[in-house]
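Enquirer: Take a look at the following structure, please.
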Amino acid sequence: AGRNEAVTRTLKIQGALHDALSSGHCSLHFQPKFRGDSGELAGAEALLRLNHPELGLLAPMEFIPIAERSGQIVHIGHWVVRETCRQIRRWMTEGLPAMRVAINLSPRQLMQPDLVSTVLEIVRAENVECHQIMFEITETVAMQDAPKTIEMIHAFQAHGFEISIDDFGTGYSSLAYLQRFRVKQLKIDRFFTNGLDADGHEGDAIVSAIIALAHSLEMDVVAEGVETPSQLAKLKTMMCDEIQGFLLGKPLTADAFGTLLQHTVAA
Ligand code: C2E
Ligand code: MG
Ligand code: MG
């Protein structure tokens, strides 16, 4: 029974993804990122949500692999870029500060030869500055075809887009390539942030080594999945540039993020 149910569920998700954009079932949440030194709001990461008419709100872990396999992710990915730009504009129209937002890119999107030009077209049409958009590429995907990744990263950067390496430390990184990527930012995977609360000093040693490595390559470091005050305190002493996690801010609806921005302006 289990297998049939899984197949039925996948088909239901595929069906919903098919008209998700026109039917308004896709939405974006925005998780704040804060500066490690001052605690100031530094930007946001856009996180996709699918509200399935029958199955309810689904997490990306479940529906993105399905969209990836069917190819629907390409179309949805463009929507994410457009919707992020529109949201950045809406906040600005409300008198709120210009936000920098990070957008995740999946392997299938990175295989599109016209990715950079299509994204550029969307961002320009929505009247947003390229430097307000950062693209996150996971380490594993970035290293799969590193020479091609370098080309892609440099094409993005030539237009002023920033690039970040996501989930760093979980893949098999070639440090030679990491240096040649010349990206703005490295995001330490949640697994290592968690390790800061483990017994012994290995967890701390790994995180401070990653931060030192990134800084020596002139990259900023973001710690993902920061959930406890002790993790935060350690990351601050280690000079971690940015902090992201449930402790300081969960992913928020666009309106809720706008309220957060408003408080930032008032403070
Ligand atoms: P990611 O890019 O590494 O995003 C961070 C994930 O960690 C998010 O899960 C976020 O909600 C979660 N998170 C943040 N802080 C904490 C914390 O303190 N504790 C814990 N336990 N989790 C935390 P989410 O939203 O479920 O997204 C999962 C993954 O789905 C993302 O991982 C990203 O790879 C992918 N994804 C999300 N949105 C998009 C999108 O628009 N396009 C593509 N291609 N992938 C996306
Ligand atoms: Mg990410
Ligand atoms: Mg991540």
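Enquirer: Just need the relative contact order of the chain here, percent rounded to a whole number, with Cα pairs under 8 Å and 6+ apart. Show your work: numbers first, answer last.
Expert: Details: 414 pairs, mean separation 51.4, N = 267.
Across the chain, relative contact order equals 19 percent.
Enquirer: Related question: Taking H placed 1.01 Å from N in the peptide plane, check which residues at least 5 places from Leu252 or on another chain put their amide H under 5 Å from its amide H.
Expert: Correct list: Phe30, Gln31.
Enquirer: Between Ala102 and residues 5 or more places away or on another chain, which pairs have amide H atoms under 5 Å apart, with H built 1.01 Å from N, and which residues are they?
Expert: The list, which skips near neighbours in sequence, is Ala44, Glu45, Ala46, Met134.
Enquirer: Restricting to the range 1-138, what percent of DSSP beta bridges are antiparallel, rounded to 5? Don't skip to the answer; put the middle values down first.
Expert: Numbers: 12 of 19 bridges.
Once the DSSP bridges in the range 1-138 are tallied, antiparallel ones form about 65 percent.
Enquirer: A further question follows. Given the chain, what percent of its DSSP beta bridges are antiparallel, to the nearest 5? All intermediate terms of the calculation are to be shown ahead of the outcome.
Expert: Working: 15 of 36 bridges.
Taking every DSSP beta bridge with both residues in the chain, the antiparallel ones total about 40 percent.
Enquirer: Under a plain spin-label model, where a point goes 7 Å from the Cα along Cα-to-Cβ, how far apart in nm are Ser216 and Glu94?
Expert: Simple spin-label model gives 4.4 nm for this pair.
Enquirer: Now for a separate question. If packing is taken as the average count of other Cβ atoms within 10 Å, what order do 131-144, 112-125 fall into, highest mean first? Could the numbers behind the result be given before it?
Expert: Working: 131-144: 20.4, 112-125: 15.9.
With the highest mean Cβ count within 10 Å placed first, the list reads 131-144, 112-125.
Enquirer: How large is ³J(HN,Hα) for each residue in the range 218-234, as worked out from phi by the Karplus curve 6.51 cos²θ - 1.76 cosθ + 1.60 (θ = phi - 60°), to whole Hz, x for Gly and Pro?
Expert: Calculated HN-Hα couplings, in order: 6, 10, 7, 10, 10, 9, 9, x, 6, 10, 10, x, 5, 4, 4, 4, 5 Hz.
Enquirer: Viscosity 0.890 mPa s, temperature 25 °C: what is the translational diffusion coefficient of the chain from Stokes-Einstein with a Kirkwood Rh over Cα pairs, rounded to a whole number of µm²/s? Don't skip to the end; give the middle numbers.
Expert: On the way: Rh = 19.4 Å.
This corresponds to a translational diffusion coefficient of 126 µm²/s.
Enquirer: Could you please rank Glu5, Glu68, placing first whichever residue has the fewest other Cβ atoms within 10 Å of its Cβ? Don't skip to the end; give the middle numbers.
Expert: On the way: Glu5 9, Glu68 17.
Going from least to most buried by this count: Glu5, Glu68.
Enquirer: How large is ³J(HN,Hα) for each residue in the range 104-117, as worked out from phi by the Karplus curve 6.51 cos²θ - 1.76 cosθ + 1.60 (θ = phi - 60°), to whole Hz, x for Gly and Pro?
Expert: Per residue, the Karplus-derived 3J(HN,Hα) values read 7, 10, 9, x, 4, 5, 5, 7, 6, x, 9, 4, 4, 5 Hz.
Enquirer: Then there's this: Rg(Cα) of the range 136-225 divided by 2.2 N^0.38 Å?
Expert: Working: Rg = 13.3 Å, N = 90, 2.2 N^0.38 = 12.2 Å.
With N residues counted in the range 136-225, Rg over 2.2 N^0.38 Å equals 1.09.
Enquirer: In whole Å and largest first, what semi-axes does the C-alpha gyration tensor of the range 60-111 yield when each eigenvalue is scaled by 5 and square-rooted?
Expert: On the way: eigenvalues 147, 17, 17 Å².
The three semi-axes for the range 60-111 are 27, 9, 9 Å.
Enquirer: Then there is this: With no solvent and one point per C-alpha, what does the Debye sum give as log10 I(q)/I(0) for the range 93-141 at q = 0.22, 0.25, 0.32 Å⁻¹?
Expert: Here log10 of I(q) over I(0) equals -0.89, -1.05, -1.28.
Enquirer: For the residues Trp91, Trp79, what sequence is obtained by ranking on other C-beta atoms within 10 Å, fewest first? Let's see the in-between values first.
Expert: Values: Trp91 21, Trp79 15.
With the sparsest Cβ surroundings first, the list reads Trp79, Trp91.
Enquirer: Using the Karplus curve 6.51 cos²θ - 1.76 cosθ + 1.60 with θ = phi - 60°, work out ³J(HN,Hα) for each residue of the range 193-207 in order, rounded to whole Hz, and write x for Gly and Pro.
Expert: Working through the residues one at a time gives 4, 4, x, 5, 9, 7, 5, x, 9, 4, x, 5, 4, 5, 5 Hz.
Enquirer: Sticking with this one: How far is it, in nm, from the label point at Ile206 to the one at Ser174 when both lie 7 Å from their Cα along the line to the Cβ?
Expert: 2.4 nm
Enquirer: Here's something else I'd like to know. Which of the lysines could a cross-linker span from Lys250 if the Cα-Cα distance has to be under 26 Å and same-chain partners fewer than 8 positions apart are dropped?
Expert: Partners within reach: Lys33, Lys184, Lys187, Lys234, Lys236.
Enquirer: So, one more: With springs only between Cα atoms under 10 Å, which of Ile73, Ile163, Ile206 fluctuates most in a Gaussian network model of the chain?
Expert: For the chain, modelled as a Gaussian network with Cα springs under 10 Å, the answer is Ile206.
Enquirer: Still on this structure, I have one more. Quick one: the Cα spread of the range 1-119 along its three principal axes, in angstroms, biggest first?
Expert: For the range 1-119, the Cα extents along the three principal axes come out at 54, 32, 28 Å.
Enquirer: Going by how many other beta carbons lie within 10 Å of each one, how would you line up Lys148, Lys184, fewest first?
Expert: Values: Lys148 12, Lys184 17.
With the sparsest Cβ surroundings first, the list reads Lys148, Lys184.
Bear in mind these aren't lab numbers, they're just calculated from the coordinates by the rules spelled out. None of these values were measured; they are calculated from a predicted model. No Cβ is skipped: glycine too gets one built from the backbone with ideal geometry, and neighbour counts run over all protein chains shown.
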